[in-house]
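The values are calculated or read from the model by the stated rules, or taken from the named source; none is laboratory data. Not measured: the values here are computed from a predicted model. Every residue, glycine as well, gets a Cβ built from its backbone with ideal geometry; the counts of neighbours run over all protein chains shown. Only protein heavy atoms, including side chains, enter the accessible area calculation; ligands, DNA and RNA are left aside. Shrake-Rupley method; radii C 1.70, N 1.55, O 1.52, S 1.80 Å.
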Amino acid sequence: MPDAQPPSRDFIQRCADRLASQGYASVVTPALAPAEQRPFLLAGFDTHERLHLLAHDLLELPPYRRGATRRARRSDKRAVLAVDEAAFSSFWRLDRAGLQEALEAVPLTRLRVTTAGRGAVVGYAIAGTAARQGYLQRLAVSPEQQHGGRGQALVADALRWMRRRGAARAVVNTQLGNEAALSLYTRAGFRIQPAGLAVLRRELD
């Protein structure tokens, strides 16, 4: 949990034992900061993937064209998941439960989409705030619609919403090898932070 002490090694071990008893073969963590990783590493986890952590001070925001995004409707969720499947590798994809978890991860969230053609959803972003911290939790654009400004519009919309909700800082993460996402975020004013994040994994045999 944000601003809370990380769990102990013994607690993590009990969780791993319980998962193993329920038939799971492996377990992964969310993206963890270096200080949060230590008890997991002590409990036998290894680094599965390293991530860039980027931050934005929300002072100078990228330009946003009104109408470039719209609020997502309940009926858009199937299309949002289709965009997610097309944009991410299997490890990172969200299913319906994962999408719902992302929408409930922080006290305030906003799901916006961008459309093409006859209103087909081709991109989406989930933004959230907790206290004065903003989170760009998820962003995806269909591969055939990338490099046309849709990702930029979603980022600009999310940053404006976070600032209106009182956030003083926004963060986002992306895989080390995802140069397209890294370029998008840095052009929007995000700055890479010295301490990155990591997803950890442990086999449960």
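For segment 20-43, a tally of residues being aliphatic (A, V, I, L, M) and open to solvent by 50 Å² or more (accessible area, probe 1.4 Å) returns 5. Every condition in (1) free of Cβ contacts under 8 Å to residues at least 60 places away in the same chain; (2) within 17 Å of the chain's Cα centre (by Cα); (3) within 15 Å of A125 (Cβ to Cβ) holds for N178 except the one numbered (3). Scanning segment 3-50 for residues that are more than 16 Å from E203 (Cα to Cα), of a type in the set (G, A, S) and assigned to a helix (DSSP H, G or I) returns a single hit, A35. Given the structure, is G189 modelled with pLDDT of 95 or more, open to solvent by less than 50 Å² (accessible area, probe 1.4 Å), more than 21 Å from L94 (Cβ to Cβ) and touching a His at 6+ places or on another chain (Cβ under 6 Å)? Yes, satisfied.
Per the listing V122, V171, the residue uniquely more than 16 Å from H56 (Cβ to Cβ), touching a residue at least 12 places away in the same chain (Cβ under 8 Å) and in contact with a strand residue (DSSP E or B) (Cβ under 7 Å, 6 or more places away or on another chain) is V122. If we scan segment 108-119, do we find a residue that is among the charged types (D, E, K, R) and over 21 Å from R163 (Cβ atoms)? Checked segment 108-119: at least one residue is among the charged types (D, E, K, R) and over 21 Å from R163 (Cβ atoms).
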